[in-house]
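Since the structure comes first, as structure tokens, the remarks are kept for the end.
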Amino acid sequence: QVQLAESGGGLVQAGGSLRLSCAASGSIFSINAMGWYRQAPGKQRELVATTSSDGNTNYVVSVKGRFTITRDNAKNTVYLQMNSLKPEDTAVYYCKALLRTVVGGPTYQFWGRGTQVTVSS
């Protein structure tokens, strides 16, 4: 089975930085896109940033200029560099991948278990 392993979450003061990593492992033929979502208590899960195989990126407006999503295709890993963190960035961050497990097969959606990011004021 395919697994997504997130890491890099933690506690940081406002204005600080964190770097999240998400490594996909298992039977993977190709990855179409990877991204990060977050969910704060009492709030809906929202898209934070995504990156496609062609390099296109997308960010929620609240993080533009502060967060940067990158990927290492050879390692099937996506990163989220988070700078100038604010208390409102506090949430569980989830990694998502759209991928094929076999050549010519369908595209499936996989989610990581999440990593907690807490920003103190």
Next item on the list: Taking P41 as meeting all but one of (1) open to solvent by less than 40 Å² (accessible area, probe 1.4 Å); (2) over 15 Å from the mean Cα position of the chain (by Cα), write down the number of the exception.
Entry: (1)
Next item on the list: Would you check which residues across region 65-115 are more than 21 Å from Q39 (Cβ to Cβ), of a type in the set (A, V, I, L, M) and either in a strand (DSSP E or B) or open to solvent by less than 40 Å² (accessible area, probe 1.4 Å) (or both) and list them?
Entry: L99
Item checked: region 44-64 - residue that is within 20 Å of S21 (Cβ to Cβ) and polar (S, T, N, Q) and, of those, least open to solvent (accessible area, probe 1.4 Å) -> T51
Next item on the list: Please state which of the following conditions S52 fails to meet, knowing it meets all the rest: (1) in contact (Cβ under 8 Å) with a residue 40 or more places away in the chain; (2) under 23 Å from T101 (Cβ atoms).
Entry: (1)
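The values are calculated or read from the model by the stated rules, or taken from the named source; none is laboratory data. Predicted, not measured: the structure shown is a model, and the values here were computed from it. Cβ atoms come from the backbone with ideal geometry, glycine included; neighbour counts cover every protein chain shown. Heavy atoms of the whole protein, side chains included, go into the accessibility calculation; ligands, DNA and RNA do not. Shrake-Rupley method; radii C 1.70, N 1.55, O 1.52, S 1.80 Å.
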